1. Taking segment 325-375, which residues are within 16 Å of Phe310 (Cα to Cα), touching a residue at least 24 places away in the same chain (Cβ under 8 Å) and among the β-branched types (Val, Ile, Thr)?
2. Is it the case that Thr314 is among the hydroxyl-bearing types (Ser, Thr, Tyr), in a loop (DSSP other than H, G, I, E, B) and within 25 Å of Phe175 (Cβ to Cβ)?
3. State whether one or more residues within segment 88-101 are assigned by TED's automatic domain parsing to the domain that holds Phe159, basic (Lys, Arg) and within 22 Å of the chain's Cα centre (by Cα).
4. Would you confirm, using the coordinates I've provided, whether Arg27 is closer than 21 Å to Lys158 by Cβ, among the charged types (D, E, K, R) and not in a helix (DSSP H, G or I)?
5. Only one residue in Thr130, Thr76, Thr134 is hydroxyl-bearing (Ser, Thr, Tyr), outside the structural domain of Tyr226 (by TED's automatic domain parsing), touching a helix residue (DSSP H, G or I) at 6+ places or on another chain (Cβ under 9 Å) and without any contact (Cβ under 8 Å) to a residue 24 or more places away in the chain, so which one is that?
6. Scan segment 53-81 for residues that are closer than 21 Å to Val94 by Cβ and within 21 Å of the chain's Cα centre (by Cα) and report the count.
7. Would you confirm whether or not segment 143-162 contains a residue that is part of a helix (DSSP H, G or I), without any contact (Cβ under 8 Å) to a residue 40 or more places away in the chain and closer than 22 Å to Val389 by Cα?
Amino acid sequence: MKIQYVVPFVPWQVRVRSYNLIPRLARNHEIHLVCVSGAAPTAEQTAWLDRYCDSATWIPHSRWRAAAQCALALPTRTPLRLAYCRSPQVRAMVKQVCGEVQPDLVYAERWRSLEFLPPDLDVPLVCDPTDSMTLYNQRLKVSGSPWEKLLAWEEHAKFSRCEGDLARRADMTVFCSRVDLDCVYAQAPDAHYEIVPNGVDCERFFFKEECETKPGTIVFTGSFKYRPNCHAVNYFLARIFPLILRAEPHATFAAVGNGATLALAHHRMSSGFSAVDFVPDLRSYLAEAAVAVAPITIGSGVSNKLAEGFAVGTPVVATPMACGDLPVKSGEHLLIADSDRDFADHVICLIRNEELRRKIALFARRFVEQNYDWGIVSKQMESLMCGVVGSRASGRMAQAYATA
């Protein structure tokens, strides 16, 4: 099967879904990638794309022009996320590549990738927004900063009117969780949906030996160009970490991820805290930690950091929102906290109790191995894609038979 893969960024480690799906789909199918971003791929990224893609086309997208399009879209019904990506030049290039490749399927990751597809596209289409933007902005209206709340009111109103129409455009729309799917289903119950969760590479994030753990260490991992991660660390440092330090004065907390140093610069003098920018191997930071935390208070979908902590064998303390609809049990796979005090107490308990850490770690590792390894998840996506292609072909045959 030939897959034309369209994404609004250059696939890389911080883009977990495409970075893990592309190499696995490439084992059995041709991948013809079209990626759009303001910055060109690095030499390392280009080598990765050449390794797994039969063809890879990068199209530049001016950030200044995109920002101007957002300003013009403010008084309209178009969400700013979609206005940002509009480009007749990119649409023309996507159409050209489609004509040259003749793909069996077009896969578009994120709603905004639909802005790059020509409206007359006559190829089976799978759109993978992963999360619901209606749900994301609904939560941001409540817990965001003042400017984020203002933007969220605007984006929520627009996405709540158009997200269903976006879903109808695709042969199949894919979400990573039931709660996100249900939010869009309420707008468009006649569209077709599936759930394909995010996963974890259990080989890359292999289970640690207890001797790797540094006592009293706490870690948060994630991209800090994603606002919910910034909120999570700000919340943890302001409300939870001080409670932990009172009981465990030598505890340390590290926030590790793309953009951490800049996003968290105002915390640089905080006692026991450090920020670490993008690292090629998150596993070592997770393995050194006694506890991984996911104090997510806004956002949608399911936090990838849970699965990574589970795989490495570092017990996780999380808010209910971080878990989404992941079928996990507090006390078995992780510890879930509903309040600042409970969150701090759970972290303190795990720091002090090696036996409990090991017990939770073993259950969590088995959980992701059996259900959420990217090898399993990629097969779900592959099966879905083949089903969409088969259904479109069957429909055309039935139509031809009926009109004969």
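The values are calculated or read from the model by the stated rules, or taken from the named source; none is laboratory data. Since this is a predicted model, take the numbers as computed values, not measurements. Don't worry about glycine lacking a Cβ; one is built from the backbone with ideal geometry, like all the others, and counts go over all protein chains shown.
1. Once the filter is applied, which keeps residues that are within 16 Å of Phe310 (Cα to Cα), touching a residue at least 24 places away in the same chain (Cβ under 8 Å) and among the β-branched types (Val, Ile, Thr), segment 325-375 yields Val328, Val347, Ile360, Val368.
2. No, not satisfied.
3. no
4. On the way: closer than 21 Å to Lys158 by Cβ: no; among the charged types (D, E, K, R): yes; not in a helix (DSSP H, G or I): yes.
No: the conditions fail for Arg27.
5. Criteria check complete, one pass: Thr76.
6. 2
7. Within segment 143-162, none of the residues are part of a helix (DSSP H, G or I), without any contact (Cβ under 8 Å) to a residue 40 or more places away in the chain and closer than 22 Å to Val389 by Cα.
Every residue, every condition in (1) at pLDDT below 95; (2) outside the structural domain of Val179 (by TED's automatic domain parsing); (3) at negative phi, yes or no:
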residue	(1), (2), (3)
Ser303	yes, yes, yes
Leu306	yes, yes, yes
Val312	no, yes, yes
Pro315	no, yes, yes
Ile336	no, yes, yes
Ala344	no, yes, yes
Arg352	no, yes, yes
Ser378	no, no, yes
